[in-house]
Amino acid sequence: DTAVSQTPKYLVTQMGNDKSIKCEQNLGHDTMYWYKQDSKKFLKIMFSYNNKELIINETVPNRFSPKSPDKAHLNLHINSLELGDSAVYFCASSRGYEGYTFGSGTRLTVV
Amino acid sequence: QQQVKQSPQSLIVQKGGISIINCAYENTAFDYFPWYQQFPGKGPALLIAIRPDVSEKKEGRFTISFNKSAKQFSLHIMDSQPGDSATYFCAASQTGNQFYFGTGTSLTVIP
């Protein structure tokens, strides 16, 4: 199936730990994103990569570091996790900036 | 600064009724206006989109109305069904640039 797939779907971890979320798309898109959705459902863009190049880097703590090994992958690494990092993280992709396709999300819970 | 303002935050409609969600924007350079539908535990999915060269676009029970002079657009769901219960996001972009999402509307359709 053509899709944006991200793993894991659920992630429960203790404060201070380091964790990664992986994202892969097989749609042939050239732009990939990470969004954070808080408890109020607000979608906040974190990062955008176009052809492996960082395009958008919103005001996000530098504990968050994206890595794009190739056009089809965009991973998110988070250091020193804090309670406030608990949220649902969505990966998305698009061709240029049209027709975003979202993954199914990773629910991160920091305890 | 919220580029796209969405209302209402939540909406309860009887089965068979019309659901109306409104969005407003300021940037007159925006030229693409999609709506996304998100079910619990899923990522947002593109529902319908419009460009400002038309005032209305209809796909099945879903219609976007667009008022360029007022810088407003709205989603109308005719004959609302319980299966339409979801969170709806409007968005706006200028071709070739990032999307700006509204804050979401939680729709509940009562049987």
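Quick notes
- Ellipsoid equivalent to region A:62-111 - semi-axes via the Cα gyration tensor, in Å: 23, 14, 8
- Between A:S80 and A:N51, full extension at 0.36 nm per residue minus the direct alpha carbon distance yields a gain of 7.6 nm.
- Distance between the 7 Å Cα→Cβ label points at B:I110 and A:M15: 4.2 nm.
- Here r is the Cβ-Cβ distance between B:N22 and A:D38 and R0 is 35 Å; the resulting FRET efficiency, rounded to 0.05, is 0.95.
- Note on B:S65 and B:I12: with the Förster distance fixed at 22 Å, the Cβ-Cβ geometry gives a FRET efficiency of about 0.55.
- The value of relative contact order for region B:43-82, using C-alpha pairs under 8 Å at least six residues apart, is 28 percent.
- Within region B:3-105, GluC sites (Glu not before Pro) in DSSP loop having at most 16 other beta-carbon neighbours inside 10 Å: B:E26
- Taken residue by residue and averaged, Cβ atoms of other chains lying within 10 Å of the Cβ of B:34-47 number 4.
- Dipole in debye (nearest 20) - region B:2-111, about Cα centre, beta carbon charges: Lys, Arg +1; Asp, Glu -1: 60 debye
- For region B:18-33, Karplus couplings with θ = phi - 60° (6.51, -1.76, 1.60), whole Hz, Gly/Pro x: 9, 9, 10, 10, 10, 9, 9, 9, 10, 6, 6, 7, 4, 9, 8, 9
- Aspartates and glutamates with Cα under 19 Å of A:K52, excluding same-chain neighbours fewer than 8 positions away: A:E24, A:D30, A:D70, A:E98
- Size descriptor, Kirkwood hydrodynamic radius, that averages inverse alpha-carbon separations across chain B, Å: 13.9 Å
- Enclosing the Cα atoms of region B:70-111 in their convex hull gives a volume equal to 99 cubic angstrom per residue.
- The order of B:D84, A:D30 by accessible area, most exposed first and with a 1.4 Å probe, is A:D30, B:D84.
- The mean accessible area for residues of region A:4-110, using a 1.4 Å probe and ignoring ligands and nucleic acids, is 47 Å² per residue.
- Translational diffusion of region A:37-94, µm² s⁻¹ [Kirkwood Rh, Cα pairs; Stokes-Einstein; 25 °C; 0.890 mPa s]: 198 µm²/s
- Relative frequency of Cα-Cα separations exceeding 20 Å in region A:1-87, percent: 34 percent
- Short to long, the 5 Å bins of the Cα pair-distance histogram for the protein assembly as shown hold 1, 7, 15, 18, 18, 16, 12, 7, 4, 1, 0 percent of all pairs.
The values are calculated or read from the model by the stated rules, or taken from the named source; none is laboratory data. Because the structure is a prediction, the values reported are computed rather than measured. Counting neighbours? That spans all protein chains shown, and the Cβs are built from the backbone with ideal geometry, glycine included. These accessible areas exclude ligands, DNA and RNA; they are computed on the full protein's heavy atoms, side chains included. Shrake-Rupley method; radii C 1.70, N 1.55, O 1.52, S 1.80 Å.
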